1. Having 3 or more residues that are farther than 30 Å from Glu15 by Cα and among the small types (Gly, Ala, Ser) is the bar; report the helices (runs of 4 or more DSSP H) wholly within region 56-146 that clear it.
2. Given (1) modelled with pLDDT of 95 or more; (2) farther than 15 Å from Tyr98 by Cα; (3) assigned to a strand (DSSP E or B), identify the lone condition not met by Leu8.
3. Is it the case, given these coordinates, that Tyr98 is touching a residue at least 60 places away in the same chain (Cβ under 8 Å), of a type in the set (Phe, Trp, Tyr) and in the same structural domain as Phe65 (by TED's automatic domain parsing)?
4. Pull up region 130-144, narrow it to residues that are buried (at least 16 other Cβ atoms within 10 Å of the Cβ) and of a type in the set (A, V, I, L, M, F, W, C), then point me to the one that is nearest to Leu94 (Cα to Cα).
5. Could you go through region 31-45 and let me know if any residue there is without any contact (Cβ under 8 Å) to a residue 12 or more places away in the chain and part of a helix (DSSP H, G or I).
6. Quick check, is Glu73 surrounded by 14 or more Cβ atoms within 10 Å (Cβ to Cβ) and not assigned by TED's automatic domain parsing to the domain that holds Ile136?
7. Only one of (1) among the hydrophobic types (A, V, I, L, M, F, W, C); (2) within 30 Å of Ala143 (Cβ to Cβ); (3) surrounded by 14 or more Cβ atoms within 10 Å (Cβ to Cβ) is not met by Phe10, so which one is it?
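The values are calculated or read from the model by the stated rules, or taken from the named source; none is laboratory data. All of these numbers come straight from a predicted model, not from anything done at the bench. When we count neighbours, we look across all protein chains shown, and the Cβ atoms used for this are built from the backbone with ideal geometry, even at glycine.
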Amino acid sequence: MPNVTPFLWFDAPLEEPIAYYRSIFPDVRVHSESSGSAEFEIGGQRFMALNGGPAFTFNEAISFFIECEDQEEVDHYWERLTAGGGAESRCGWLKDRYGLSWQVIPKALIRYLGDPDREKAGRVRDAMLEMGKIEIAALDRAAEAP
């Protein structure tokens, strides 16, 4: 079975984004790095990267999904990924300083959206649509509303 690996085109020396992701994620492993290419892992997900210059940029058509245990984890990734030039978006989406799109989503949201009580799931969805960063307490209030 062939491996499928995301290949990221950066407009930056690769030591910069690798150091950036190391400062955010606890489990970044670098397998190889040269002046123009690198292979690394985040959370066991392998990536290849190239310093290809400004010809191409990232966009929202591809995003990386971070499934968070609790609000502390949501806050950690949201704050770190938007710092230093990142941009907040809606519904748990953001862009980091390199333009990569991320979804920072608590497990509670996934659980609520899949609830068999479709009215509850709808209230939670509507609450989420009003958010940038996902706030679990607000999801809980929406779920418990009459």
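1. Values: elements: 71-82, 107-113, 118-129, 136-144.
In region 56-146, 118-129, 136-144 are the helices (runs of 4 or more DSSP H) which contain 3 or more residues that are farther than 30 Å from Glu15 by Cα and among the small types (Gly, Ala, Ser).
2. Status for Leu8: all satisfied but (2).
3. On the way: touching a residue at least 60 places away in the same chain (Cβ under 8 Å): yes; of a type in the set (Phe, Trp, Tyr): yes; in the same structural domain as Phe65 (by TED's automatic domain parsing): yes.
In short, yes.
4. Ranking the candidates gives Ile134 first.
5. No - not one qualifying residue is present in region 31-45.
6. Details: surrounded by 14 or more Cβ atoms within 10 Å (Cβ to Cβ): yes; not assigned by TED's automatic domain parsing to the domain that holds Ile136: no.
No: the conditions fail for Glu73.
7. (2)
Here's the yes/no breakdown for (1) out of contact with any Gly (no Cβ under 9 Å at 6 or more places or on another chain); (2) touching a residue at least 24 places away in the same chain (Cβ under 8 Å):
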| position | (1), (2) |
| --- | --- |
| Ile110 | yes, yes |
| Gly114 | yes, no |
| Ala121 | no, no |
| Asp126 | yes, no |
| Leu129 | yes, yes |
| Gly132 | no, yes |
| Asp140 | yes, yes |
| Ala143 | yes, yes |
